[in-house]
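Below you'll find the structure, written out as structure tokens, and then a few comments.
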Amino acid sequence: MFLVNKRQSETIEILTQTNHAIKIKELAERFHVSSRTVQYDIDCVRNFLREYNIQITYSRRTGYQIVDKKTENIQKVYRAIHEMEDISAEERKNVAILKLLEGLTCTYSSLADSLRVSRQTVINNFDKIEQKVKDLNLAIKKEKGVGILLVGDEINFRFAFNHLILNNKITQEILNCTEFCCNKSNITIAKQIINHAENSMKIRFFETAVLEMEICYGLYRISKGKQLNEEIDVYKEEGSIDEFPMFKSFYKTLDLMPLSHYEKRYIVSLLMSTKIKYSDASLDVSTEAKSIATFLAEKLEILHPLKSEEREKFMEGLMAHLGVAVYRTKNHIPIKNDLLEQIRITIPLIFEYTKVQMMECGRMYGDYFDDHEIAYIAMYVASAYESSLKVRLIVNILVVCSYSNTTCSILYSRLKQNLPDCNLWGPISKEEFKAKQTSEVDLILTAGGTVDTDVPQISVNPLIYVDDLDKIQSRVYQLSYAKLCKEFLSEFKATRDDRHISIKNLIREDHIQIVESCNHWQEAVQIAAEPLLRDHLIEERYVERVIQEVSQLGTYMVIVPEFAFVHAGAKDGVINDCMSLLILKKPLVFGDHEQKIVKSIVLFGINDKNATPLLDLVDILLNGSNIRILTSEEITKDIILNLHSK
């Protein structure tokens with residue numbers, strides 16, 4: 001499917017509603033753009049309409065026209081355009097980054113066209129785009145009178161694109177409207193590379209569509225003169241990767257491709273990072289993969305039983321991944337998981353739990369998986385666990401509306417359509433709310449004024465605008481995540497052994513601080529880091545990275561009520577394993593988005609791959625009334641140090 005921008009959708013409207021042909025000059029004057037831009041728009045519109053069996057005819061004398069205007073097809077087109085206008089703010093941000101990744105100079109106006117919003121809206125939200133670009137290790141260069149350009153190392157352009165694809169933040173529909181995915185030659189070459197690798201090595205790739213897009217983007221960058229070299233080599237830090245058997249086999253399949261050595265290495269890195277199923281028995285590691293998958297399924301079922309279809313789906317997906325993961329591990333083939341830090345932060349408990357189980361697998365089978373591999377496996381574990389808890393994770397929403405019955409009906413209908421996985425109750429009036437029991441309500445949506453309650457609430461327009469939906473969906477996800485953490489912690493606690501561990505085994509006395517209050521969460525993080533900086537356990541850049549992670553994903557770090565567990569990656573400046581605890585007597589608003597209240601901040605940095613401080617500390621916090629003790633006015637360091645798990 002092709003997407004069209006705002007100007008192109010208006011062009012469609014003109015063509016479908018006009019009974020005569022339209023010349024390029026007329027459209028150029030109407031939109032105040034060049035004839036060349038109109039010609040590009042017509043090409044995009046033609047591709048878009050073709051999917052709905054609508055053809056544009058052209059005459060040099062009269063111009064462009066749609067002759068066969070079947071009502072049914074035209075209605076489908078309008079519905080498709082309407083759906084494009086409903087994309088979320090997060091999706092718009094990703095579309096903007098995708099346009100910048102094309103490497104062409106953009107303007108606020110051209111980005112506005114692509115995002116189907118006003119130029120001012122782009123300007124008002126551009127700081128969020130810049131922050132996301134910075135997180136992807138790139139930068140935006142603005143030049144007055146010229147435009148906006150993305151700059152940075154070429155390898156980071158490739159990694160940024162792959163990161164968006166792997167996060168499922170760019171849909172196929174959006175991709176299809178980009179210049180690099182419209183190039184049929186690149187698509188053909190990408191398919192040839194994948195097919196040749198599969199046939200030569202007797203394998204089959206999973207998710208070939210993603211792999212195809214990654215290769216296409218690399219080929220597009222090459223066509224623009226942006227090539228990798230020795231200084232920006234994908235395997236620059238991996239030593240003699242060329243000697244690994246799997247690397248050499250993949251590299252050989254590219255012999256006939258007119259690509260540089262470093263570009264071939266990049267494509268090999270993509271091939272090696274993709275899940276594979278072997279058809280050659282000599283390479284098959286399915287027996288071991290099945291044993292590990294079975295082991296993980298059994299461990300997961302100790303926490304929570306899986307239905308037969310859930311277990312089957314979990315085993316099938318995990319075995320497919322473990323087949324190639326075991327091969328990589330046995331042959332010491334490194335893999336880079338761009339999602340590693342995000343997984344560590346967004347599903348920290350499940351990541352740590354998976355890590356513990358994989359260490360046990362290592363002792364059983366002699367194959368030790370690194371954190372990059374474990375992060376992928378943790379995603380399967382999280383998916384299976386969430387599926388098994390689906391009913392318990394459903395968010396209960398009460399709708400309170402002060403408008404007429406008709407308006408209330410429209411509000412409820414739109415909410416029902418956009419929140420299919422939530423329980424919706426109401427709508428009720430403000431007067432009816434006063435007598436309503438809210439013990440089972442997770443979120444209240446109000447239209448026409450707020451209500452007096454301790455339950456989280458969001459005020460919305462009764463017609464439900466896109467911004468309203470963004471706020472609601474974000475809060476629903478956070479509430480569901482909080483339920484997931486609560487369930488996991490409860491079930492995890494029940495499976496722990498009888499070993500005795502106390503806070504003094506995890507945190508040094510001089511790394512514990514009790515303060516009255518902090519003005520802002522950034523200040524609190526800085527204070528929590530001070531003893532670790534003083535003792536040269538972390539670098540200053542680690543603190544900066546932690547603050548950046550909190551700004552982006554802060555609410556995910558509150559996995560126990562009023563406790564924030566903050567950290568960054570080992571390579572961000574951890575010198576030695578360490579942990580500090582900051583107790584606040586006055587609560588603090590934590591994070592920049594979907595903020596939460598916290599009274600304690602745990603800051604840790606870990607180099608030891610076998611260390612699991614998060615699980616150990618959570619085990620202590622969940623014991624009896626330890627959380628209440630830590631948040632009491634009479635708390636002292638001696639009391640803290642002697643809190644224990646059993």
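Select from segment 40-62 the residues that are part of a strand (DSSP E or B) and open to solvent by less than 50 Å² (accessible area, probe 1.4 Å) and write down the one among them that is farthest from Gln8 (Cα to Cα).
At the first step, the residues of segment 40-62 found to be part of a strand (DSSP E or B) are 56-59.
Filter once more, so that each one left must be open to solvent by less than 50 Å² (accessible area, probe 1.4 Å): 56, 59.
Details: Ile56: 14, Ser59: 20 Å.
Residue satisfying both the conditions and the ranking: Ser59.
If you scan segment 382-392, which residues turn out to be under 21 Å from Leu424 (Cα atoms) and either modelled with pLDDT of 80 or more or in a helix (DSSP H, G or I) (or both)? Of everything in segment 382-392, those that are under 21 Å from Leu424 (Cα atoms) and either modelled with pLDDT of 80 or more or in a helix (DSSP H, G or I) (or both) turn out to be Glu386, Ser387.
Of the residues Ser291, Ser260, Ser279, the single one that is within 26 Å of Cys361 (Cα to Cα), over 29 Å from the mean Cα position of the chain (by Cα), modelled with pLDDT of 80 or more and open to solvent by 10 Å² or more (accessible area, probe 1.4 Å) is Ser291. Scanning segment 490-504 for residues that are acidic (Asp, Glu) and farther than 19 Å from Leu393 by Cα yields a total of 2. You will find that of Ile627, Ile597, Ile601, the residue that is among the hydrophobic types (A, V, I, L, M, F, W, C), open to solvent by 50 Å² or more (accessible area, probe 1.4 Å), touching a residue at least 24 places away in the same chain (Cβ under 8 Å) and not in a loop (DSSP other than H, G, I, E, B) is Ile597 and no other. In segment 28-38, is there at least one residue being closer than 19 Å to Tyr78 by Cβ, buried (at least 17 other Cβ atoms within 10 Å of the Cβ) and among the hydrophobic types (A, V, I, L, M, F, W, C)? No, because not a single residue in segment 28-38 is closer than 19 Å to Tyr78 by Cβ, buried (at least 17 other Cβ atoms within 10 Å of the Cβ) and among the hydrophobic types (A, V, I, L, M, F, W, C). In this structure, Ile345 qualifies as over 26 Å from Val460 (Cβ atoms), open to solvent by less than 10 Å² (accessible area, probe 1.4 Å), touching a residue at least 60 places away in the same chain (Cβ under 8 Å) and within 24 Å of the chain's Cα centre (by Cα). Condition test on Leu484, is it in contact (Cβ under 8 Å) with a residue 40 or more places away in the chain and farther than 30 Å from Val618 by Cα? So Leu484 does not fit the description; no.
Checked against (1) touching a Gly at 6+ places or on another chain (Cβ under 8 Å); (2) touching a residue at least 60 places away in the same chain (Cβ under 8 Å), Leu617 passes all but a single condition, namely (1).
Of all the strands (runs of 3 or more DSSP E) wholly in segment 412-489, which have at least 1 residues that are open to solvent by less than 40 Å² (accessible area, probe 1.4 Å) and over 24 Å from Leu393 (Cβ atoms)?
423-428, 443-447
Every condition in (1) modelled with pLDDT of 90 or more; (2) under 30 Å from Thr612 (Cα atoms); (3) in contact with a strand residue (DSSP E or B) (Cβ under 6 Å, 6 or more places away or on another chain) is met by Arg508 except one, and the failing one is (3).
Before we move on, is Pro531 at pLDDT 85 or above, of a type outside the set (D, E, K, R) and in contact with a His (Cβ under 6 Å, 6 or more places away or on another chain)?
Numbers: at pLDDT 85 or above: yes; of a type outside the set (D, E, K, R): yes; in contact with a His (Cβ under 6 Å, 6 or more places away or on another chain): yes.
Yes: the conditions hold for Pro531.
For segment 474-505, a tally of residues being touching a helix residue (DSSP H, G or I) at 6+ places or on another chain (Cβ under 6 Å) and either at pLDDT 80 or above or charged (D, E, K, R) (or both) returns 6. Considering segment 99-149, and only residues there that are open to solvent by 20 Å² or more (accessible area, probe 1.4 Å) and among the small types (Gly, Ala, Ser), the residue that is nearest to Thr37 (Cα to Cα) turns out to be Ser110.
If you check Ala96 against the conditions, is it under 29 Å from Tyr52 (Cα atoms), modelled with pLDDT of 85 or more, open to solvent by less than 60 Å² (accessible area, probe 1.4 Å) and assigned to a helix (DSSP H, G or I)? Yes.
Kindly evaluate Gly362 against the criterion of being small (Gly, Ala, Ser) and without any contact (Cβ under 8 Å) to a residue 24 or more places away in the chain. Spelling it out, Gly362 is indeed small (Gly, Ala, Ser) and without any contact (Cβ under 8 Å) to a residue 24 or more places away in the chain. Going residue by residue through segment 560-583, is there one that turns out to be over 24 Å from Gln357 (Cα atoms), touching a residue at least 60 places away in the same chain (Cβ under 8 Å) and assigned to a loop (DSSP other than H, G, I, E, B)? The answer is yes; a qualifying residue exists.
If only residues of segment 348-376 that are open to solvent by 10 Å² or more (accessible area, probe 1.4 Å), in a helix (DSSP H, G or I) and more than 19 Å from Asp619 (Cβ to Cβ) are counted, the one that is modelled with the lowest pLDDT is Tyr365.
Within segment 630-646, take every residue that is part of a helix (DSSP H, G or I) and of a type in the set (Val, Ile, Thr) and give me the one that is least open to solvent (accessible area, probe 1.4 Å).
Residues of segment 630-646 part of a helix (DSSP H, G or I): 630, 637-641.
Among the residues that remain, those that are also of a type in the set (Val, Ile, Thr) are: 639-640.
Numbers: Ile639: 70, Ile640: 0 Å².
Per the stated criteria, the residue is Ile640.
What tally of residues in segment 527-543 results from selecting those that are open to solvent by 70 Å² or more (accessible area, probe 1.4 Å) and more than 18 Å from Asn607 (Cα to Cα)?
Here is the first cut: in segment 527-543, the residues open to solvent by 70 Å² or more (accessible area, probe 1.4 Å) are 530, 534, 536, 539-541.
Subset that is more than 18 Å from Asn607 (Cα to Cα): 530, 534.
Result for segment 527-543: 2.
So, Arg392, is that one under 28 Å from Phe563 (Cβ atoms), surrounded by 18 or more Cβ atoms within 10 Å (Cβ to Cβ) and either in contact with a Phe, Trp or Tyr (Cβ under 7 Å, 6 or more places away or on another chain) or in contact (Cβ under 8 Å) with a residue 40 or more places away in the chain (or both) or not?
No, not satisfied.
Reported count of residues in segment 498-520, each being more than 19 Å from Thr636 (Cβ to Cβ), more than 31 Å from the chain's Cα centre (by Cα) and open to solvent by less than 80 Å² (accessible area, probe 1.4 Å), is 1. Taking the criterion of being closer than 18 Å to Leu621 by Cα and among the acidic types (Asp, Glu), would at least one residue in segment 554-565 satisfy it? The answer is yes; a qualifying residue exists. Scanning segment 185-209 for residues that are under 23 Å from Tyr220 (Cα atoms), surrounded by fewer than 18 Cβ atoms within 10 Å (Cβ to Cβ) and polar (S, T, N, Q) yields a total of 5.
The values are calculated or read from the model by the stated rules, or taken from the named source; none is laboratory data. Everything numeric here is computed off the predicted structure, so don't read it as measured data. Virtual Cβ from ideal backbone geometry, glycine too; neighbours counted across all protein chains shown. Accessible surface areas use protein heavy atoms only, side chains included; no ligands, DNA or RNA. Shrake-Rupley method; radii C 1.70, N 1.55, O 1.52, S 1.80 Å.
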